[in-house]
Every structure is written in structure tokens, then in C-alpha cells.
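The values are calculated or read from the model by the stated rules, or taken from the named source; none is laboratory data. Values in this document were obtained by computation on a predicted structure and should not be read as measured data. Note that each Cβ is placed from the backbone with ideal geometry, even for glycine, and that neighbours are counted across all protein chains shown. These accessible areas exclude ligands, DNA and RNA; they are computed on the full protein's heavy atoms, side chains included. Shrake-Rupley method; radii C 1.70, N 1.55, O 1.52, S 1.80 Å.
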Amino acid sequence: MASVVTVLGSWTVKPETPTPQPRIHKLSNLDFHISFENYTKQVYYFPPSSRDDLVESLRASLSRVLVPFYVLAGRVRRAEDGHKLEVDCNDAGVSFVEASAPDASFSDWKNMAFCSIEQHLNPSEVAITDPDTAPIFKVTKFKCGGIALGILVAEVVLDGSSNFAFVNAWSEIHRGLPLLSPPVFASNIFQARQPPAIILPVRDYYSSPIYNTHSDKATDVTCEYVVKMFEMDPDQVDDLIRDVHSGPYSYGRPPTSFEATSAMIWKAITEARDLQDSIITSYVYAISLKGKNRWNPPVPASYIGNSIHSPCLTAKAGDIKSRHLSYAARLFHEDILSTTQEHMQSAIDWMEMELGRGRKINLNGDFVSGTGIYSTSLHSFPVYSVDFGWGKTVHYSLVMQPPWYGNGVTVILPSPRGGRHRRLLISLPAIHMKKLVNHEFFRKYTTLGS
């Protein structure tokens, strides 16, 4: 099978109804803590469509959905102060690409998670502040008729929940349905106080010179990184929760699946790395501010933009390795409970001060030396319910491209099987991945994807 994807056509798609001008969308400080100046890469795989006008109809519905999602059709640029980014909502449009994979069929892979041409279904990364770049939507038709939709959208504009809200809105408009929950672009929800007031210590972020390439996402490009997928079925999830709840550090109620899974990942990777007991290991995860009682007044469910706080848990490697799994789970449980709105507001105010000094905001984890883990959980997002009218998603992929994702990045994803099935994507150096795959503790709760 030739791994060739041929581009058949390319268009610029603009909002069907022009956006009133001028319009500038100010990004919030929470957008800047996800300060990676590139795009999130995703691919949705769909069953065959019999529509001859599929590409034309997708372009038309994309133009319609860009009316309420007008920010996506703009361009990210430096604000006048030179310190922050903003979006000029100038209707410059998005790029829409039609392509064909004439020699490839979905059946060529036992599992679409191992699609060997996936990088070709999703264009290369580009700098978001380049005025000639834009979000890209690439529709590729396979020999079998299957459809792949590759999407690149700036991470500073859309976080995970916003990404899925946009794709779902597009699919509903494509099916002729009304948009029941219009997007809310209101970054002032997370604005800093004036003057900024750091009431509580800021533990979870640090700042660096804006052109410092040794940032939170920097990795050792000389190292061979491997990305593997692991499956968790409901029985394994239940066993994991049961083992945490019966452990010596349990905390009254059974752990959430997030607490238990995160603890398992932290312990297994720390042991696979064979870190010295005295080394401080870190685990960065996300708390949604859309959650119940997280923010007052409550963040609208249809808020578009980054609405997450990224706590950084730390512990001695020896404690994570030698103590029962419930120890790490308890750390997550207590950290989540103790994170108040003031913790997050103080962080936003601190970011305001650091950005004003011309500095860059970074996650406070060490993803260079191999002691930290950066985790994001998408398992609750309904990616497999997306339906443009010819069938629901059969596979979803967040494209992890080393070395950008680097050492210790983990993503918890939903599974096509639905329910409480989970998928874990993990990126590690090859030597540590080999140990993780063969780790008896890790294998108890996961199965290597095949």
C-alpha cells in the first residue's frame, strides 16, 4: 500500500455573513498559560458517504458555522503592547483542503489508532502568529469510501472542550439543525484584578524570557521518543478503583476514575523511569473551571477559549514508587479539593504582572529531564457522537507528534466502544517505554493496543 495522500483542491472559507469590523478578541491570561505557539492536531474518521457533493456541502456548512465562531476566521497577532496575543477577527478565513488516499482503506489497519498515514491527513504545524497561516480543515477520502477530517486550530484560541463544541456545532449545522447553544467569547470572565493581587502563592506556573526556547514543552530532540496506546476496559477501571479504595491511604469514598487512573500513570511511569528516590517528580493535570462550584459567577457551558487551570503536583520519586497506589490517588484528591477560586485568581493576577514584564508563562513541570508528566484528560468529551449526517465518528485521534509532545506526555481518551472504556496515549523515550510495556503493575490495569 502506497502511503500517499493527494491534494485535490484548496479553498479559503470565510463566514457566510461578514463580521462587523473592526473586532478584536482579547485572549485571557488562561489562554497564555497554554502558550504553545502552534496548533492542536486532530483527525476524525467517519464511515463512507454516498453524497457526491460532500466536499462542497462541508465547505458551505463551515462557512455558516464560522458566523457564530467568527474568531476562528481571524488571525492571531501580537497586541500593541507586544506582550500579549489577540485575535484580529478580520474574516480572513480558514483553509479548507480536499484530498484523496486512493491506495488506502480503513481495513488496512486492524485498529485505526495505528493508521500509518495519519500525519498526511493533518497538515504540518505552523506558527500561529504568522499572518499567512490559518486554521486548516482537511477532508480526505479513502479508497474504501471512508472519510478523514483533519483539523488544526490554535490552542491559545480553543481548549479541548471548545474544540469539541465547535466540531459538534459544525456537524449540527451541516445536518440542518439550529445552533441551540451559540458560542460565548467572553475572555473578560477570567480577567485580572486591577491592580493585580497575589493573595495566595502561585505554585503551578513559572515565567521565562519570551524568546527562551527552553520552555515547558521543550524536549531532548536527540532522544528517540515512542508513542503507544493502551486500552482500559470497565473491569480494569473497576479493579483500579477498588484497589485504591482498599489501600492504606484511602480517603473515605471511592476515588474518581480520574484520580485512580492518574495515580496509576504516575506510579507506573516513575517506576519505569527508575528515578532515584530523592528526586522530585511532578504531575501536571487540568481542572476545568466549567465544573460545578469552580468559578463564581459560573462559566457558561458554551464559553469558548481556555477555561482550565493546570495544577502541578510534586512528590519524591521514592514515595510514589514505594508507597501504595492509594498514596498518589490521595495527593490528587486533596489537591483538587484544596484548589479554590482564589488560587486560580491569584495565578491569573500573577500572569498579568509577568506578561506585563514581557515574559512567557509556562507550566511548572519538568518535561526535559524526564522527571515530570504532563497529562490531559479528554475521556468525557463526546467525540464519538459527532455526526455530519452520514454516520458517527468511528475513530478519533489527537495526533501526538514527537518530539513536540516529548517525555512523559499522557492523554486519557474515550474509546470507540463507549461507556467506561478508556484509551491512554503515552509518549516516552524508547528505553522507558519498553519498561512500561512490560511493567507488571501497569499491565494489571491496561492492555497494549493492537
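Numerical summary
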{"read-out": "The chain - Kirkwood radius from inverse mean 1/r over Cα pairs (Å)", "value": "22.9 Å"}
{"read-out": "Cα-centre dipole for segment 6-175 with unit charges at Cβ (Lys and Arg positive, Asp and Glu negative), debye to 20", "value": "300 debye"}
{"read-out": "Residues with amide H under 5 Å from that of K392, placed H, sequence gap 5 or more", "value": "none"}
{"read-out": "Options T6, S57, H120, ranked by Cα towards positive dipole end of segment 6-175, top entry (Cβ charges)", "value": "S57"}
{"read-out": "Coil-residue trypsin sites (Lys or Arg not before Pro) of segment 47-90, DSSP, other Cβ within 10 Å capped at 16", "value": "R51"}
{"read-out": "Amide proton proximity set for K41, modelled H, under 5 Å, gap of 5+", "value": "V399"}
{"read-out": "Amide H partners (placed H, <5 Å) of D204, local residues excluded", "value": "none"}
{"read-out": "Residues of the chain: accessible area per residue with a 1.4 Å probe, Å²", "value": "41 Å²"}
{"read-out": "Theoretical FRET efficiency, 1/(1+(r/R0)^6), r = Cβ-Cβ of S100 and V226, R0 45 Å, to 0.05", "value": "0.90"}
{"read-out": "From phi via Karplus (6.51, -1.76, 1.60), per-residue ³J(HN,Hα) for segment 140-155 in Hz, x at Gly/Pro", "value": "10, 9, 8, 4, 6, x, x, 10, 10, 10, x, 10, 10, 9, 4, 5"}
{"read-out": "Full-stretch length increase - R357, R175 - with 0.36 nm per residue and alpha-carbon distance subtracted", "value": "60.7 nm"}
{"read-out": "Computed lengthening from L200 to I336, 0.36 nm per intervening residue step minus Cα-Cα distance", "value": "47.4 nm"}
{"read-out": "Integer Hz, Karplus 6.51/-1.76/1.60 couplings in order for segment 164-173, x for Gly and Pro", "value": "5, 5, 5, 4, 5, 4, 4, 5, 5, 5"}
{"read-out": "Given K138/K228; K321/K434; K228/K435; K110/K392, the pairs whose alpha carbons are separated by over 22 Å", "value": "K138/K228"}
{"read-out": "Dipole-positive endmost among V67, W390, I304 within the chain (Cβ charges, Cα centre)", "value": "W390"}
{"read-out": "Net dipole in debye of the chain [+1 Lys, Arg Cβ; -1 Asp, Glu Cβ; about Cα centre; nearest 20]", "value": "560 debye"}
{"read-out": "Unit charges on C-beta of K, R, D, E only; dipole of segment 260-409, Debye", "value": "180 debye"}
{"read-out": "Of all accessible heavy-atom area on segment 6-175, the percent that carbon and sulfur account for (1.4 Å)", "value": "49 percent"}
{"read-out": "Contour excess over end-to-end distance, with Cα ends at T314 and V394 and 0.36 nm allotted per residue", "value": "25.0 nm"}
{"read-out": "Phi-based couplings in Hz for segment 274-283 (Karplus 6.51, -1.76, 1.60; Gly and Pro marked x)", "value": "6, 5, 5, 4, 7, 6, 8, 10, 10, 9"}
{"read-out": "Residue among Q276, Q42, Q345 with the largest mean-square fluctuation in a Gaussian network model of the chain, springs linking Cα atoms under 10 Å", "value": "Q276"}
{"read-out": "Dipole-positive endmost among H174, P20, V87 within segment 6-175 (Cβ charges, Cα centre)", "value": "H174"}
{"read-out": "Computed over the chain: relative contact order in percent, which uses C-alpha pairs under 8 Å that are six or more apart", "value": "23 percent"}
{"read-out": "At 1.306 mPa s and 10 °C, Stokes diffusion of segment 6-175 via Kirkwood alpha-carbon radius, µm² per second", "value": "95 µm²/s"}
{"read-out": "Inter-site label distance for R417 and R193 at 7 Å from Cα along Cβ, in nm", "value": "4.9 nm"}
